[in-house]
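For reference, the structure discussed in these notes is given below.
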Amino acid sequence: MPNASALRVLLVEDEPATRAMLARMLERLACDVLAVGTGAEALRAVEAGVPLDALVVETSQAHAGRRSVARAVARRWPRARLVFTARTLPDLLPDAVNARVLVKPLTARDLAEALGRGQPR
């Protein structure tokens, strides 16, 4: 049974090992995580109306379509926190009020701060 106080997080990361590691970090932060590997999978979840409190998405020039996922989440859930992860600081920072950019490698503390959560368990 999902935790009523848990943040509902959509995680979009193409690297399976990184996706699994980030999902574990988020779960330790009392998040219910839906982890997907592509922007198309994420858009399907958004279009299906999966309720979200936050989006954690890997972004880079190679994955420009993932920004459309962030826009879709921001339109549907304007109060959702948007957390972009990247190997380098992107040239174009997101302009959404609830957006943060985290440069890899990132820690559970980085995620906790970006999501407004307490310290990891």
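The values are calculated or read from the model by the stated rules, or taken from the named source; none is laboratory data. Only a predicted model underlies this, so the values are computations on that prediction, with no experimental measurement involved. Here Cβ is always computed from backbone atoms with ideal geometry, including for glycine, and neighbour counts include all displayed protein chains.
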| said: For region 71-121: of the residues being of a type in the set (Gly, Ala, Ser) and surrounded by fewer than 16 Cβ atoms within 10 Å (Cβ to Cβ), which is modelled with the lowest pLDDT? | reply: 118
| message | Being in a helix (DSSP H, G or I) and at pLDDT 85 or above is the filter here; which residues of region 50-69 pass it? | response | 69
| Of the residues that sit in region 18-30 and are among the basic types (Lys, Arg) and over 11 Å from the mean Cα position of the chain (by Cα), which one is modelled with the highest pLDDT? | 24
| remark: Within region 31-49, restricting to residues that are over 20 Å from residue 21 (Cβ atoms) and not in a helix (DSSP H, G or I), the one that is modelled with the highest pLDDT is 48
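In region 9-26, what residues are farther than 10 Å from residue 57 by Cβ and assigned to a loop (DSSP other than H, G, I, E, B)?
Going through region 9-26, the residues farther than 10 Å from residue 57 by Cβ turn out to be 9, 14-26.
The answer is 14, 15.
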